[in-house]
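Single-structure report; data block below.
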Amino acid sequence: MQSPSQTGLTDRSLVALAFLNFFLADARDGLGPFLDGFLATHGWSPMTLGIIATLGGVLGMIATPLFGAWVDASHRKRMLIVIPVILVTAAALWTLASPGNASVFGGQSATAIVGAVVGPALMGLTLGLVGERRFSRQVSRNEFWNHFGNVVSLAGIYAATVAFGLNGVIGLMVITAIAAVVAVLAIDPSKINHDTARGLARDDGAPGPSGYSLLVSNRGLILLAVTLMIFHFGNAPISRLIAQDFSIQLGTPFRTTAVTTGVSQLSMIAMALAAPLLIRRFGLATVFMIALLALPLRGAIAGSFSSFAVIFPVQILDGIGAGLIGIATPIAAERILSGTGRFNVGLAAVMTVQGIGASLSNIVAGWLTDFGGYALAYWAHGGVAVLAVAAFVAGRKSIAPPQESNTDTANNR
């Protein structure tokens, strides 16, 4: 089996991968965080927006494992990114042009389904390009470029709306979609080891577990999934509600969302840079605790103050919580599943359970907002984090096992 020959970002394909992550920040999710603010200013209620978000989440969860199997079998992984980017952009443009029931529900459903293939395809490309030993390091680089791309995109949208209004947003969406397609096509297909990309680099040819059996047989994986499900049930809707709340107050959905989301993305960039040092210095369990404890503080601050200035501490805490969780999760899954040869299946299962919490939270958040206002929803969802902390404390040794002492392994995690 051939081994990847790339060394750092001097390789053309890895440079293209960096650009792909940069532009995918805007191209893979369509309107993404701007959808709620845009629709809220067009009369859509928090409950309806919660239903839309839940529908998208459920469709994405159903599609993800199916597309994961498709990515494993396919030798055309680049096309599994190109086609969704084009379709997602088209759906977003349809929603902007005519924000009615058909475009919003139909467009967002299509976005959720076709967009679900991008994540597995991107991970497959990454693993196939760099191999198992350098995968964790490259994932951190991907995260950095993705968050950096988000910040640049948000700044661009803010400036475009000031200068050109909605037409500026449309122009930027088209440009980033084209750039993402060019970047993925610049990746040399001959550099992708498709056996490695599906996790077979060390496969001994013996029949393996079905994958789903890991959910019922591995205590650490189960506790990790439960902890993340609770965390994302609490955390997922808060940024959406912030965008709705202040978009309605200020009447500037794109500029408002650009600021609120930009603050959290800058915080996530800082966490992406700090996380390796924090893990080495204090351990993975401590990083998890910092992330989990950020959520109740975030909910309390959002629920206690109503001025626009509150978005800064609230969204910085989002970057700390969600940013550290996003980095710590694959590291924890890799340690839990070390030696099983089923890292991708196990991580996908964890992400599916996590998605259940995030999806269900949107309807609950919409109901709470309609019933008692935004402040009630902030307090309730922030308070849920207490359960996530309790679940983690109960199983922290299984969820975040210590790193193996093997020097070669340690150097590549």
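Tabulated data
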quantity: Solvent-accessible heavy-atom area per residue, rounded to whole Å², over segment 232-315 at 1.4 Å; calculated: 38
quantity: Order of exposure, largest accessible area first, which applies to 264, 140 with probe 1.4 Å; calculated: 140, 264
quantity: Protection proxy ranking, peptides 154-160, 142-148, 301-307, average beta carbon neighbours within 10 Å, highest first; calculated: 142-148, 154-160, 301-307
quantity: Cα centroid separation - segment 120-177 against segment 219-291, whole Å; calculated: 17
quantity: Three-way shape label, segment 259-369, alpha-carbon gyration tensor, a/c 1.5; calculated: oblate
quantity: ³J(HN,Hα) computed for each position of segment 188-193 - Karplus, 6.51 cos²θ - 1.76 cosθ + 1.60, integer Hz, glycine/proline x; calculated: 6, x, 6, 8, 8, 8
quantity: J(HN,Hα) series, segment 260-269, from Karplus relation 6.51 cos²θ - 1.76 cosθ + 1.60, nearest Hz, glycine and proline x; calculated: 5, 6, x, 4, 5, 5, 4, 5, 5, 4
quantity: Cα shape, segment 258-305, gyration tensor, a/c 1.5 rule; calculated: oblate
quantity: J(HN,Hα) series, segment 154-162, from Karplus relation 6.51 cos²θ - 1.76 cosθ + 1.60, nearest Hz, glycine and proline x; calculated: 5, 5, x, 5, 4, 5, 5, 5, 5
quantity: When the convex hull of its Cα atoms is projected in every direction, mean area for segment 229-308 (nm²); calculated: 5.9
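The values are calculated or read from the model by the stated rules, or taken from the named source; none is laboratory data. Model, not experiment: these values are computed from the prediction. Neighbour counts are summed over all protein chains in view; Cβ atoms, including those assigned to glycine, are modelled from backbone coordinates with ideal geometry. Side chains are part of the model used for accessible areas, which takes the heavy atoms of the whole protein and leaves out ligands, DNA and RNA. Shrake-Rupley method; radii C 1.70, N 1.55, O 1.52, S 1.80 Å.
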